[in-house]
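Before any comments, here is the structure.
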Amino acid sequence: MSGQQNLLRNLPAIDRVLREEPLQKLSQQLPQETLSGAVQDLMTALRQEIIATGQIDSPERLQPEQIAAAAACKCRELLQPSLRKVINATGTLLHTNLGRAPLSSQSLRAINDVAAGYSNLEFELDSGCRGERFSHVESILTQLTGAEAALVVNNNSGAVLLALTALGKGREAVVSRGELVEIGGAFRIPEVMEAGGVILREVGSSNRTHLKDYQQAINENTSLLLKVHTSNYRIVGFTKEVPARDLLPLARENDLILMEDLGSGLLIDLSRYGLEREPTVPEVVKAGVDVITFSGDKLLGGPQAGIIVGRADLIKKLRKHPLARALRIDKLTLAALESTLKLYLKPEQVLQELPVLKMFSAAPELQKHRCQSLLERLMTEPLAAEIRLIEDVSRVGGGAMPLTELPDWAIEINPLKHRTADLAKRLRTFSPAVVTRVHNDRLLVNMRAVFEDEEGLLAQFLISVLRKED
């Protein structure tokens, strides 16, 4: 008998593997079909390896207890949540891959209250009749922005798609070439317009667009003039753009809709805290723009949402469009958004109560003190690493304020026993996972986006992976 055939014959039966202790322990938590499927997958992989190579690197891998242990490890992954809490030590505050803006304690309570039972999502308590879910945030949005009406959908790309489709389908929208942005995931404004059935009319060049370019592009099939705020990049040097306020007379003269996508929407000016000057939503409304779209989970500091404010007659058209239902937000998002917006009614308190604004406005001296405290805690342990305090910068992230760098501090770690990338990976295995930044083959731990109640765990995890006896 050949070696290959002998190895195949030595593969244990599935029911024999299932009797092993690791899988028996899981039999009360997972159905038998799941356990059997995991074993079958491993046995198939072993069989294919033997057939392909005629050998196996380690005969122990064919033992029932080894196969059971591997299958049990695979099955236990099913019991762990895929979406997990993360400690953000990267220094990027609106980290798109880490969920962007953390919610306030008020928002968390609002979500819990609504999720735990029934709510008046689409029910008017006064009249006892059917209501509209948008009404829960429309009045506060109009109060905060000065707009006539408001509508909320599931994200800002959806908001742009809905507005363009409802207001410009089959007709032309005039856009500067310098504003044909691409956001994360390769979603581009021209493709959004195409999906909405809107004809793109590009004007100007990539770096310079003049008012006359818009004037010359207008024809009988033009529906709207579209401004797109380049929130995730900047063109510098020999540049020119036409602000919305200068486009307004042209739009009025030709009976066109003036729409602006702000991307990240700000309700208050944060430039006094070292952030890049951005147009606020109230400023754009006051300038006379007809329809404005922006995100809820970026600079606003709330949940993922696409917010549309503007003229009442145009918002009414959007609300009645079939896409509005397809893009509508759920009750949990509404609860979080409403509570976030209410924080802005108290401008003197919002910087302390809204996590992302608190992070933006944190003084570098405070961040230095937090890093020093962490460093002192680490230095009390025998660690296989060189550790020091360094000057650093934090970034806004989330496709907002690309040129802004907030002066900051960080802990730089040079591991002596492990590769830096391996150390970063090990930190991501904890619960909660720790996500850091690797720069010049050094591990950087930035504290600006680390919550105070996470500091102890962060120190504990760092010590665990850096101990000399590890």
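The values are calculated or read from the model by the stated rules, or taken from the named source; none is laboratory data. Keep in mind it's a predicted model, so treat the numbers as computed, not measured. Using ideal geometry, Cβ is built from the backbone for each residue, glycine included, and neighbour counts are taken over all protein chains shown.
Laid out as a table, the results:
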quantity	calculated
One residue from 175, 152 being closer than 27 Å to residue 345 by Cβ, assigned by TED's automatic domain parsing to the domain that holds residue 122 and among the aliphatic types (A, V, I, L, M)	152
Lone unmet requirement of (1) at positive phi; (2) surrounded by fewer than 17 Cβ atoms within 10 Å (Cβ to Cβ); (3) within 22 Å of the chain's Cα centre (by Cα) for residue 255	(3)
Residues satisfying the stated conditions in the range 107-138, i.e. small (Gly, Ala, Ser), outside any helix (DSSP H, G or I) and touching a residue at least 24 places away in the same chain (Cβ under 8 Å)	119
Residue list for the range 55-84, restricted to those being part of a loop (DSSP other than H, G, I, E, B), touching an Asp or Glu at 6+ places or on another chain (Cβ under 9 Å) and surrounded by fewer than 15 Cβ atoms within 10 Å (Cβ to Cβ)	55, 57
Any chance residue 453 is over 20 Å from residue 379 (Cα atoms), in contact with a helix residue (DSSP H, G or I) (Cβ under 6 Å, 6 or more places away or on another chain) and surrounded by fewer than 18 Cβ atoms within 10 Å (Cβ to Cβ)	no
Residue match in the range 401-420 (condition: small (Gly, Ala, Ser) and more than 21 Å from residue 389 (Cβ to Cβ))	no
Residue match in the range 161-174 (condition: buried (at least 18 other Cβ atoms within 10 Å of the Cβ) and within 24 Å of residue 277 (Cβ to Cβ))	no
Looking only at the range 251-293, and only at residues there that are assigned to a loop (DSSP other than H, G, I, E, B) and β-branched (Val, Ile, Thr), the one that is nearest to residue 362 (Cα to Cα)	268
Filter result for residue 271 (under 22 Å from the mean Cα position of the chain (by Cα), in the same structural domain as residue 347 (by TED's automatic domain parsing) and either hydroxyl-bearing (Ser, Thr, Tyr) or under 16 Å from residue 340 (Cα atoms) (or both))	no
Where residue 345 falls short, out of the listed (1) under 29 Å from residue 152 (Cβ atoms); (2) surrounded by 13 or more Cβ atoms within 10 Å (Cβ to Cβ); (3) not small (Gly, Ala, Ser)	(2)
Selection count, the range 203-227, where residues are modelled with pLDDT under 90 and under 30 Å from the mean Cα position of the chain (by Cα)	2
Hits in the range 1-25 (condition: among the aliphatic types (A, V, I, L, M) and either in a helix (DSSP H, G or I) or surrounded by 11 or more Cβ atoms within 10 Å (Cβ to Cβ) (or both))	7, 8, 11, 13, 14, 17, 18, 23
The one condition in (1) over 18 Å from residue 222 (Cβ atoms); (2) touching a His at 6+ places or on another chain (Cβ under 7 Å) that residue 159 fails to fulfil	(2)
Odd one out for residue 212, checked against (1) buried (at least 17 other Cβ atoms within 10 Å of the Cβ); (2) within 18 Å of residue 246 (Cβ to Cβ)	(1)
Test result for residue 238, more than 20 Å from residue 192 (Cα to Cα), aromatic (Phe, Trp, Tyr) and either at pLDDT below 95 or assigned to a strand (DSSP E or B) (or both)	yes
Matching residues in the range 403-456 - criterion: being among the small types (Gly, Ala, Ser) and under 22 Å from the mean Cα position of the chain (by Cα)	424, 431, 433, 449
Selected residue [in contact (Cβ under 8 Å) with a residue 24 or more places away in the chain, over 18 Å from residue 361 (Cα atoms), touching a Pro at 6+ places or on another chain (Cβ under 8 Å) and not in a loop (DSSP other than H, G, I, E, B)] from 423, 378	423
Residue ID - modelled with the lowest pLDDT, chosen from residues in the range 351-389 that are farther than 19 Å from residue 452 by Cβ and of a type in the set (Val, Ile, Thr)	380
